[in-house]
Each structure stands twice: as structure tokens, then as C-alpha cells.
Amino acid sequence: MDKNLYKDLKAWPFIEANKIKNYISKSTDKKCIIFETGYGPSGDPHIGTFAEVLRTNMVRNCLKKISKFSTALITFSDDLDALRKIPEDYPYKDKLNKYIDFPLSSIPDFTGKYRSYADRNNSLLKKFLDGFDFDYTFISSTEYYM
């Protein structure tokens, strides 16, 4: 399909992609546009986590259709954030009680399979996203800041 035909589409991902294309084209000679999603790994990934990545990826895919920009998707884990409450779906709720307000990456993984509570949840997120064939780069705030 001719790239010019996309500019008249009214679907919101195309509208947003056009805004990005127009803004970037005027302001820089940038060749790669980086999209980022944020994730707080305080519990298991859920439909909201999926929707965050899906919506961002929809705009990203539309931008690829209407422009010559290359794109990348970063999924950023805020695993230095503090645990604010005990997730309902966590099997070791009683063990998490003493870790309220601790950084997620400093909480032990009580399953014994991962380096930390955050590493467990980050692993679940990556497996979840991989199941939908998302093309992304995963970044942990703990790994970047350490």
C-alpha cells in the first residue's frame, strides 16, 4: 500500500503515528524512533501489562507503515520501586509482609528459582510477552543503575 494512503486513516494508532512522524521529521534527522513501555513488577503480569505493550506496539507498527524510520521497543521494569502491598495472586503472601516499602529487586524470591522477587516477576513478563511474539528489548532499572 502507498505510504501516502495511510495519512487519511482515522484509526487512533495511525493518528498517533502521524503525529510522531510529523514531529520527528520537523525537529531532527533521527533515523530510529524508540518506544518505551513501563512495568512495575510487583506482581504477576496481567491484562493491563499486556495492553500497555500492545498499545505502544500498535503505534510503533503504524509508524513503520507510514515512514522510513526504523523503530525499537523497550520494555522497562521499574524493579527498584518499593513493594506497596501484597499481591493477591502471590503464593507466599505471609513472607512478603516484612518487605513492604523495600525495593522489589531486594526482596528474596521465595520459590528459590530466581535471584529476587523482581527477577521472578520480570521473568514471567518476558515469557508472557514472548508468547505473543513481541519484538522488544527488556531493561531492568536495577541492572542499569547498579
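Table for the structure above
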| read-out | value |
| --- | --- |
| Cβ crowding within 10 Å averaged over residues, with 110-118, 96-104, 73-81 ranked highest first | 73-81, 110-118, 96-104 |
| Tensor-based shape of segment 23-90 (alpha-carbon gyration tensor, a/c under 1.5 rounded, otherwise prolate or oblate) | prolate |
| Gain on full stretching of the segment that runs from TYR99 to HIS46 - 0.36 nm per residue minus C-alpha separation | 16.9 nm |
| Within segment 1-124, percent of DSSP bridges classed antiparallel, to nearest 5 | 10 |
| Centre separation in Å (Cα based) which lies between segment 109-146 and segment 10-53 | 20 |
| Mean Kyte hydropathy of 1.6 or more with a Cα span along the axis of at least 27 Å, helices from DSSP in the chain | none |
| Amide H within-cut-off set for THR37, under 5 Å, with H built and near neighbours excluded | ILE74, THR75, PHE76 |
| Estimated FRET transfer efficiency when R0 is 41 angstrom, pair ARG84-CYS32 (beta carbons, to 0.05) | 0.70 |
| Per-residue ³J(HN,Hα) for segment 132-138, Karplus 6.51 cos²θ - 1.76 cosθ + 1.60, θ = phi - 60°, Hz, x for Gly and Pro | 9, 6, 5, 9, 8, 10, 8 |
| Residue-normalised accessible area of segment 12-91, expressed per residue, 1.4 Å probe, Å² | 55 |
| Potential lengthening between LYS10 and PHE76 on full extension [0.36 nm per residue; Cα-Cα distance subtracted] | 20.8 nm |
| Among 53-59, 65-71, the order from most to least packed when residues are scored by Cβ within 10 Å on average | 53-59, 65-71 |
| Calculated over the chain: convex hull of Cα atoms, volume per residue (Å³) | 131 |
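The values are calculated or read from the model by the stated rules, or taken from the named source; none is laboratory data. What you see is a predicted model, and the numbers here were worked out from it, not measured in a lab. Positions of Cβ are generated from backbone atoms using ideal geometry, with glycine treated the same way; all protein chains shown enter the neighbour counts. Note: areas computed on protein heavy atoms with side chains; ligands, DNA, RNA excluded. Shrake-Rupley method; radii C 1.70, N 1.55, O 1.52, S 1.80 Å.
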